Amino acid sequence: MPDDKLSDFMTAFNNSAQEIARTENVISLFENSVAAYGSETAVSDESGSLSYLELDELANRFAQQLLSRGCSQGDLIGVCMERRSELLIALLGVLKIRAAYLPLDPDFPAERIQYMLSDADISCIVTSPEIDTAIFGDCKAEILPFDTEHMAAVEAASKLAAAGERSDDVVYVIYTSGSTGKPKGVVIENRAFTNFLVAMSASPGLRSEDKLLAVTTLSFDISMLELFLPLIVGAEVVVASKATIADSRKLLRVIDEAKITAMQATPSMWRTIFDRDWSGDSVRLALTGGEPLPDDLRTRLTGAVGEVWNMYGPTETTIWSTCTRVESAGVIDIGRPIANTEIRIRDAQSRDLPPGIAGELLIGGDGLAQGYLNREELTRDRFIDSDRRLYRTGD
């Protein structure tokens, strides 16, 4: 393919521009929902539910509690909590003081948790009271048990500083699996996370009347879609407990009884659900990613639910970078770039390749991470600057 034709093709393929105000951030988007859907349910779990107004007030109270304990803008705060509505209160509270959070799954091996804590500069660790703090080892950070009774005595400001959050403020640091060595902390900025949420709200899209079931561990970045996307469109997050996720019969009961309309899962989890003879009646939107989607599972999904979307993206480019609606027949691919994202296929000499020729997948645009925490050399190796900044996926 001639260079000019290839350039035209890549420009058309990457035509994903979408205007997103630089003043927008996850908190301002959430507060827009509070204003529009105040009395509607924002989050629920097995013990009850919170409206948007109630969730916002509790998050503000928790933010004030963090400030009173010496936490401040720019801090990195560990969050190690059980799967309940309180998890969202804590995350929103951290973001409301313009701090960032480090998700820590309490079921991870203590050695892994302690490595992440030693590698990151943690201000404090927010944790559920029932979690054994021995898993944190000799970490010197202050441990702050999440205590709703104490929060009730804290005076809550109606708004906090996050409304002025900058696009380069860090939102979270999440550690990769470490399959090629020790886990690496990926630093995600507000610009990237906001772009992701706004893009997902448009396509695949989520409606204010939806109920999305959150089933993913907080330490896997796709959980951020489950927890935050519903909150920016006025929908409901239904937080599945650890026990529910571990038992497919309980999971199906929650899907049916809560009338879940949207769910995201890996193909492995979707297969487990279908192996229980699930009908998929209430679900209108099924998202799948993290693994290749097998053809037989595609057939079962598309025959059971309203829409199926296949997603692709590494942690370093903020969760999902491409998506496509899956049809009942035809090639299963990873789709096109989400808003303000570009895809390049290049050879070993960093030359763009035409369609049909295999090469390395590189991703650019607003979803790029800041880089790896405390790993400048690795950041330079994986996030390259040619005519634009791109992440080398290795795929």
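The values are calculated or read from the model by the stated rules, or taken from the named source; none is laboratory data. Bear in mind the structure is a predicted one, so any value in this text is a computation, not a measurement. Here the Cβ positions follow ideal geometry from the backbone for every residue, glycine too, while neighbour counts run over all protein chains shown. Keep in mind that these areas ignore ligands, DNA and RNA; they rest on the heavy atoms of the full protein, side chains included. Shrake-Rupley method; radii C 1.70, N 1.55, O 1.52, S 1.80 Å.
So, Ala339, is that one closer than 24 Å to Ile27 by Cβ, touching a helix residue (DSSP H, G or I) at 6+ places or on another chain (Cβ under 7 Å) and aliphatic (A, V, I, L, M) or not? Considered against the rule, which asks whether it is closer than 24 Å to Ile27 by Cβ, touching a helix residue (DSSP H, G or I) at 6+ places or on another chain (Cβ under 7 Å) and aliphatic (A, V, I, L, M), Ala339 comes out as yes. Scanning the range 345-395 for residues that are β-branched (Val, Ile, Thr) and not in a loop (DSSP other than H, G, I, E, B) yields Ile345, Ile363, Thr379, Ile384. Would you be able to say whether some residue in the range 192-215 is among the basic types (Lys, Arg) and closer than 19 Å to Ser33 by Cβ? Looking for residues that are among the basic types (Lys, Arg) and closer than 19 Å to Ser33 by Cβ, one finds at least one in the range 192-215, hence yes. Within the range 90-116, the set of residues being under 14 Å from Ala59 (Cα atoms), among the aliphatic types (A, V, I, L, M) and assigned to a loop (DSSP other than H, G, I, E, B) comprises Ile97, Ala99. Can you spot a residue in the range 195-215 that is modelled with pLDDT of 95 or more, within 11 Å of the chain's Cα centre (by Cα) and not hydrophobic (A, V, I, L, M, F, W, C)? Looking through the range 195-215, none of the residues is modelled with pLDDT of 95 or more, within 11 Å of the chain's Cα centre (by Cα) and not hydrophobic (A, V, I, L, M, F, W, C). Does Trp270 meet the test of being open to solvent by less than 40 Å² (accessible area, probe 1.4 Å), modelled with pLDDT under 95 and either of a type in the set (Ser, Thr, Tyr) or in a loop (DSSP other than H, G, I, E, B) (or both)? Taking the combined requirement at face value, the residue does not satisfy it.
Residues that are open to solvent by 10 Å² or more (accessible area, probe 1.4 Å) and charged (D, E, K, R) within the range 80-114 comprise Glu82, Arg83, Arg84, Glu86, Arg98, Asp105, Asp107, Glu111, Arg112, listed in sequence order.
Scanning the range 56-89 for residues that are within 23 Å of the chain's Cα centre (by Cα), outside any helix (DSSP H, G or I) and not small (Gly, Ala, Ser) gives Gln73, Asp75, Leu76, Ile77, Val79, Cys80, Met81, Glu82, Arg83, Arg84.
A Cβ distance below 7 Å, combined with a sequence gap of six or more or placement on separate chains, defines the contacts here; from the range 61-77, residues that are farther than 16 Å from Ile125 by Cβ and open to solvent by 60 Å² or more (accessible area, probe 1.4 Å) reach residues that are of a type in the set (Gly, Ala, Ser) and modelled with pLDDT under 95 in the pairs Gln73/Ala161.
A single member of Ala329, Ala348 is open to solvent by 50 Å² or more (accessible area, probe 1.4 Å), among the aliphatic types (A, V, I, L, M) and closer than 22 Å to Thr288 by Cβ, and it is Ala329.
When Ser282 is tested against (1) among the polar types (S, T, N, Q); (2) open to solvent by 40 Å² or more (accessible area, probe 1.4 Å); (3) farther than 20 Å from Gly205 by Cβ, only condition (3) is not met. Going through (1) in contact with a strand residue (DSSP E or B) (Cβ under 8 Å, 6 or more places away or on another chain); (2) assigned to a loop (DSSP other than H, G, I, E, B); (3) at pLDDT 95 or above one by one, Glu316 falls short only on (2).
Residues of the range 118-173 that are among the charged types (D, E, K, R), in a loop (DSSP other than H, G, I, E, B) and at pLDDT 90 or above: Glu130, Asp132, Asp138, Asp169. The single residue among Arg389, Arg351 that is at pLDDT below 90 and of a type outside the set (Asp, Glu) turns out to be Arg351.
Yes or no, residue by residue, for (1) closer than 30 Å to Ser167 by Cβ; (2) in a loop (DSSP other than H, G, I, E, B):
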site: Arg298; (1), (2): no, no
site: Thr302; (1), (2): no, no
site: Ser328; (1), (2): no, yes
site: Glu342; (1), (2): yes, no
